[in-house]
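To start, the structure under review is shown below, and the notes come after it.
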Amino acid sequence: MGRTRALDLAMNPFDLTIRNGTIATAESTFKADIGVSEGKITAVATQLEAGSHDIDATDRLVLPGGIDSHCHVEQLSGSGVMTADDFYSATVSAAFGGTTTIIPFAAQHRGMALPQVVADYHACAGPKAVIDYGFHLIVSDPTETALTVDLPALIAQGYTSFKVYMTYDKLKLDDFQMLDVLDTASNHGALVMVHAENNDMIKWIAQRLLARGHGAPKFHAVSHDPLAESEATNRIIAMSRLIDTPVLIVHVSGIEAVNTIRAAQTLGARVYGETCPQYLFLTADDIDRPGLEGAMFCCSPPPRDEASQEAVWAGLANGTFQVFSSDHAPYRYDASGKLPKGDKTVFKDMANGVPGIELRLPLLFSEGVGKGRLTLNQFVALTATNHARMYGLDYRKGTIAVGQDADIAIWDPQRQTTITAADLHDNVGYTPYEGRTICGWPETVINRGRVVVADRKLQVERGSGMFLSRRTPGPLAQSRTPTPKKQLFKNLVAKGTR
Ligand code: URP
Ligand code: ZN
Ligand code: ZN
């Protein structure tokens, strides 16, 4: 430690203090001050002396910065459409909404080598991100090299989760490939995230709709029938149980899928769930707008009905879902995204996805905590702590405690906001939540002790975010069988010799 730093410390131990606020973690809510030194939380105590920079959090909630573990940034979709947000606009938008870490995807398309994919995403993110980030992999081409060389090496380097698809012709794995990927994940300590929809059911319905001239956006929701989701959910759960490897089913939308996951969890299966704002705040009716406007609400799976919304709320409250993510998949309402064929565009041509990286936390806070559906501690768990635990970041992120990164969002729980796209910081040009009034907003957002957002302004430079190498995810670390693969084959052989 240099002499100047030692003198500073003797006079004032903290670079930053946040005082007089109410802190909430996933476990408890209490009044205390926070002291931060060199980007880490070094004190959580009452009546700390003011640091070099002191924030008065009287009447404010002091929460862990959000972690968004499902967002698509600077990513080509399966059909080759680039997202509207790059790593600058996406991370700025995330930060304004109280998120301090994102885990987007490094997406492999068929024929690509995974190490090169990861290098390409680093080259995009490094100079632009303003908050911290990790990467999940998307695995669409599980070749022998990918399974035996590249994935093990990348997992060891901190890419400890990957997403696989059961739908989209250009991304989907068949069941045999899926079992191989699950097996690799289990052997090397990675968590598999699954997009669970039955590809053939969707294609079969879509083909018939289009043949009869039903190309309007609302038919996107018809083709993605809830049974396509629940069938695939059931199938991947069976595969996960066969291999004795946890899976996390992402963007769960329909009541049947929620119930399928809940039932498996009740049986003791290590099946985890994620849901997103669009399944709480939108329904298929939103897609049924004049002309092509409904395209702005088209994502996969699609928003469903009120019964599904209620089931998703219940799943957040009763622990069926561990994580609440945005699935920010930003495409503009023009030829670059939603309308590649102008007014001739049919639902099959549209890029799938909705924006939500900035509104994820404010929407859930207002309608969940504010309306008594979730406790403040559940909100923290669902938006930050559980993401860190599920994805191997809890060694530094996800809660407010001594030794953690100082990733903090200071909320004004009373601030009323009427949502409008013009006030958001993404590059999409619309929001599916236009015109809603919500209560509560994160007004000061801090990442590793750096004030990223304050006074409604960005306070940091582009490229100041940091890449995060992740550890073995919690569900894998808590494996009930120490050598699941060995046990699996013992069990299979035992069955054969009975
Ligand atoms: O519609 C969606 N969710 N698009 C993004 C890609 C995905 O499947 O998550
Ligand atoms: Zn998906
Ligand atoms: Zn997604």
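The values are calculated or read from the model by the stated rules, or taken from the named source; none is laboratory data. The structure presented is a predicted model; accordingly, all values stated were derived computationally and were not measured. Neighbour counts are summed over all protein chains in view; Cβ atoms, including those assigned to glycine, are modelled from backbone coordinates with ideal geometry. The area values use the complete protein model at the heavy-atom level, side chains included, leaving out ligands, DNA and RNA. Shrake-Rupley method; radii C 1.70, N 1.55, O 1.52, S 1.80 Å.
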Report task. Confirm whether residue 409 is out of contact with any Pro (no Cβ under 9 Å at 6 or more places or on another chain) and at pLDDT 95 or above. Result -> no
Query raised in the report: Can you find even one residue in segment 110-118 that is without any contact (Cβ under 8 Å) to a residue 12 or more places away in the chain and open to solvent by 10 Å² or more (accessible area, probe 1.4 Å)?
Result: yes
Report task. Among the helices (runs of 4 or more DSSP H) lying completely within segment 278-363, list those that include at least 1 residues that are farther than 25 Å from residue 415 by Cβ and open to solvent by 10 Å² or more (accessible area, probe 1.4 Å). Result -> 284-287, 306-318
Query raised in the report: Can residue 192 be described as open to solvent by 10 Å² or more (accessible area, probe 1.4 Å) and either part of a helix (DSSP H, G or I) or touching a residue at least 24 places away in the same chain (Cβ under 8 Å) (or both)?
Result: no
Query raised in the report: So which residues in segment 20-76 are within 16 Å of ligand 3 (Cβ to nearest atom), of a type in the set (A, V, I, L, M) and crowded, with 22+ Cβ neighbours inside 10 Å?
Result: 67, 73
Query raised in the report: Does residue 93 qualify as being modelled with pLDDT under 95 and either away from ligand 1 (no atom under 16 Å from the Cβ) or open to solvent by less than 40 Å² (accessible area, probe 1.4 Å) (or both)?
Result: no
Query raised in the report: What about residue 343, is it without any contact (Cβ under 8 Å) to a residue 12 or more places away in the chain and of a type outside the set (A, V, I, L, M, F, W, C)?
Result: no
Report task. Answer yes or no: is there a residue in segment 249-258 that is open to solvent by 30 Å² or more (accessible area, probe 1.4 Å) and at pLDDT 95 or above. Result -> yes
Query - Looking only at segment 127-142, and only at residues there that are farther than 24 Å from residue 473 by Cβ and either surrounded by fewer than 22 Cβ atoms within 10 Å (Cβ to Cβ) or more than 23 Å from the chain's Cα centre (by Cα) (or both), the one that is nearest to ligand 1 (Cβ to nearest atom) - result: 128
Report task. Out of 150, 141, report the one residue that is touching a Lys or Arg at 6+ places or on another chain (Cβ under 6 Å), modelled with pLDDT of 95 or more, more than 16 Å from ligand 2 (Cβ to nearest atom) and within 16 Å of residue 180 (Cα to Cα). Result -> 141
Requested in this report: Check segment 259-274 and report whether any residue there is in a strand (DSSP E or B), touching a residue at least 12 places away in the same chain (Cβ under 8 Å), closer than 16 Å to residue 313 by Cα and open to solvent by less than 10 Å² (accessible area, probe 1.4 Å).
Outcome: yes
Report task. Please specify each residue of segment 81-90 satisfying the condition of being crowded, with 23+ Cβ neighbours inside 10 Å and not polar (S, T, N, Q). Result -> 84, 85, 87, 90
Query raised in the report: Tell me, which strands (runs of 3 or more DSSP E) lie completely within segment 24-84 with 2 or more residues that are more than 19 Å from residue 409 (Cα to Cα) and not aliphatic (A, V, I, L, M)?
Result: 66-71
Report task. Assess whether residue 367 counts as being open to solvent by 20 Å² or more (accessible area, probe 1.4 Å), at pLDDT 95 or above, closer than 30 Å to residue 82 by Cβ and out of contact with any Asp or Glu (no Cβ under 8 Å at 6 or more places or on another chain). Result -> no
Report summary line: Only one of (1) under 20 Å from the mean Cα position of the chain (by Cα); (2) touching a residue at least 60 places away in the same chain (Cβ under 8 Å); (3) within 16 Å of ligand 1 (Cβ to nearest atom) does not apply to residue 363, and that is (3)
